[in-house]
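Laboratory data are not the source of any read-out in this text; all were calculated from the coordinates shown. The structure presented is a predicted model; accordingly, all values stated were derived computationally and were not measured. FYI the Cβ positions are ideal-geometry reconstructions off the backbone, even for glycines, and counts take in every protein chain you see.
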């Protein structure tokens, strides 16, 4: 989602890393198969509930599958309260949790032809294009902290983590994308 603005940017040898600001994030928990959840998602971002490990994008925002009973809706920060209110009528009388988590999360983007390499060095996940591509979301860890990543388009991966570890994550991403982050440095010599 390009609706957020940059807080800072680092142009490394392998990729550009940016910390984004202004993204609204709403967590919705409940039975994802119900009409109520589907109606709430549609009311907020005009999209359907995504399949497992998928993220959907539209002109009003995005919705990501986070777990079997959890979605994350990404909306413009200025609209987050209105979007949350739009979700309430379809959810009325239904078991659910709806929370604004915008201030608890930090968002980074890693852009460039080597964005997969930058993240592969710090995350124990398969980022080969056959295993991870546009429209997919993964939850894992980056370095020593919990993180989620998604790809909206080739050569751009977005990473989400807790705001309390944003400083650590920013430095980790800068190091991985920088000069010392040359992928050849991390490969054993053939022989």
Subject >> Value of D in µm² per second that Stokes-Einstein yields for the chain, Kirkwood Rh from Cα pairs, at 10 °C (1.306 mPa s) >> reply: 93 µm²/s
Original post:
Over the chain, what is the mean sequence separation of C-alpha contacts under 8 Å (at least six apart), divided by residue count, expressed as relative contact order in percent?
Top reply: 24 percent
**OP:** Wrap a convex hull around the Cα atoms of segment 99-174, take a quarter of its surface area, and give that in square nanometres.
**Re:** 4.9 nm²
Original post:
Tilt of helix 166-177 relative to the longest C-alpha principal axis of the chain, in degrees (0 to 90, nearest 10)?
Top reply: 40 degrees
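Can you tell me which of 25-32, 7-14 comes out highest on packing, and rank the rest after it, using the mean Cβ neighbours within 10 Å?
25-32, 7-14
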Original post:
Ordered by packing density, taken as the mean number of other Cβ atoms within 10 Å over each peptide's residues, highest first, how do 156-163, 136-143 rank?
Top reply: 156-163, 136-143
Original post:
What angle do you read, to the nearest 10 degrees and between 0 and 90, between the alpha-carbon axis of helix 80-91 and the longest principal axis of the chain?
Top reply: 50 degrees
Original post:
How big is segment 1-74 in terms of Cα radius of gyration and Dmax, in angstroms?
Top reply: 14.5, 47
**OP:** Quickly rank 106-117, 33-44 as a protection proxy: mean count of other C-beta atoms within 10 Å, highest first.
**Re:** 106-117, 33-44
